[in-house]
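Student: Mind having a look at this structure? Questions to follow.
The values are calculated or read from the model by the stated rules, or taken from the named source; none is laboratory data. It should be emphasised that the depicted structure is a prediction, and the values quoted were computed from it without experimental measurement. A quick note on method: Cβ atoms are made from the backbone with ideal geometry, for glycine too, and the neighbour counts reach across all protein chains shown. Surface accessibility is based on the protein's heavy atoms, side chains included, excluding ligands, DNA and RNA. Shrake-Rupley method; radii C 1.70, N 1.55, O 1.52, S 1.80 Å.
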Amino acid sequence: MNLHDPNLSHDPDRQVGEVFRRLSAMKSLNEDAFDRVVSAVLVALGRAAHEEGERRARALAERTAPRATEVRVTAHARRTGDPDGFDIAD
């Protein structure tokens, strides 16, 4: 599949069709070889989906993370500990 082909680059349906067309062409292989090809395709799809999920998670974390220039507010109790000095563990 040539993703630089202008006919395929922005048409997801044609891209999926090309994947299935190529898999279908490999049905002429013996059963074991075809099983290995299908397994490799599934692994590649899983890896690509995982990498895309990780990329999106990093982008989301970058957008939602506090910036160094932002003012950070911390509750007084969290800064000083328990104000009455009572420790539950005592």
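Student: At a probe radius of 1.4 Å, what is the per-residue accessible area of Phe34, in Å² to the nearest 10?
Tutor: Near enough 50 Å² of accessible area.
Student: How many nm is it between the label spots at Ala59 and Asp32, if each spot is 7 Å from the Cα in line with the beta carbon?
Tutor: A separation of 4.3 nm, rounded to one decimal place.
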